[in-house]
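Peer 1: Structure below; questions to follow.
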Amino acid sequence: MFLGTFSPKLDEKGRVILPAKFRDELEGGVVITRGQERCLYVFSTREFESMHEKIRQAPVTSKQARDYLRVFLSGAHSETPDKQHRVNIPATLRSYAGLDKELVVIGAGSRAEIWNAEAWNNYLNAQEAEFANIEEEVIPGLF
């Protein structure tokens, strides 16, 4: 499970060093793709394969499902971290997420997310107050 918040830097070649706490899960390979709120999702190859099995169940007759899958899968990039635990983020994905040198990598359970540091801080500031004041069940059965 991916947990926590980290602040690695993007190097001049578009690579990021994976947080040490995530390395065991990701050493066998990663898939990086577009995520919601203009972040990037980082899955272990194993988790992405599991997700792909679920994706295959989407009805091809649903335009919304087709649109989502096209954007999600067409941006997917697979690779194995190098000896320094770096992964390359392709230019198209860096552009999508507005990535520059300052990054935030967060754990989001089954995946990690890579954010532009300013975008993450803005998102978190907007969401924390709402989170603190939730008065109803958001995820059924959680609390």
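The values are calculated or read from the model by the stated rules, or taken from the named source; none is laboratory data. It should be emphasised that the depicted structure is a prediction, and the values quoted were computed from it without experimental measurement. Positions of Cβ are backbone-derived with ideal geometry, glycine not excepted, and every protein chain shown enters the neighbour counts. Quick note on the areas: whole protein, heavy atoms, side chains included, nothing else; ligands and nucleic acids left out. Shrake-Rupley method; radii C 1.70, N 1.55, O 1.52, S 1.80 Å.
Peer 1: Residue by residue through the stretch 87-116, note down the ones that are surrounded by fewer than 17 Cβ atoms within 10 Å (Cβ to Cβ) and of a type outside the set (S, T, N, Q).
Peer 2: Within the stretch 87-116, the first condition is being surrounded by fewer than 17 Cβ atoms within 10 Å (Cβ to Cβ), and the residues that meet it are 90-92, 95, 98, 100-102, 108-110.
Once the filter is applied, which keeps residues that are surrounded by fewer than 17 Cβ atoms within 10 Å (Cβ to Cβ) and of a type outside the set (S, T, N, Q), the stretch 87-116 yields PRO90, ALA91, GLY98, ASP100, LYS101, GLU102, ALA108, GLY109.
Peer 1: Moving on. LEU124 passes all but one of (1) open to solvent by 80 Å² or more (accessible area, probe 1.4 Å); (2) part of a helix (DSSP H, G or I); which number fails?
Peer 2: Looking at each condition in turn, LEU124 falls short on (1).
Peer 1: Only helices (runs of 4 or more DSSP H) wholly contained in the stretch 1-117 count here; list those with 2 or more residues that are touching a residue at least 40 places away in the same chain (Cβ under 8 Å) and either in contact with a strand residue (DSSP E or B) (Cβ under 6 Å, 6 or more places away or on another chain) or among the basic types (Lys, Arg) (or both). First the steps, then the outcome.
Peer 2: Working: elements: 23-26, 45-55, 63-74, 91-97.
Once the helices (runs of 4 or more DSSP H) in the stretch 1-117 are filtered for at least 2 residues that are touching a residue at least 40 places away in the same chain (Cβ under 8 Å) and either in contact with a strand residue (DSSP E or B) (Cβ under 6 Å, 6 or more places away or on another chain) or among the basic types (Lys, Arg) (or both), what remains is 23-26, 91-97.
Peer 1: Does the stretch 118-143 hold any residues that are closer than 26 Å to LYS13 by Cα and in contact (Cβ under 8 Å) with a residue 24 or more places away in the chain, and which are they?
Peer 2: ALA119, TRP120
Peer 1: Same structure, new question: Look at the stretch 18-63 and say how many of its residues are over 30 Å from GLU118 (Cα atoms) and polar (S, T, N, Q).
Peer 2: Matching residues across the stretch 18-63 total 4.
Peer 1: Quick check on the stretch 133-143. Is at least one of its residues surrounded by 13 or more Cβ atoms within 10 Å (Cβ to Cβ) and out of contact with any Pro (no Cβ under 7 Å at 6 or more places or on another chain)? Outline the logic, then answer.
Peer 2: Kept after step one, since they are surrounded by 13 or more Cβ atoms within 10 Å (Cβ to Cβ), are these residues of the stretch 133-143: none.
No.
Peer 1: Working only within the stretch 47-65, note down all residues that are of a type outside the set (Gly, Ala, Ser), surrounded by 13 or more Cβ atoms within 10 Å (Cβ to Cβ) and modelled with pLDDT under 95.
Peer 2: MET51, HIS52, ILE55
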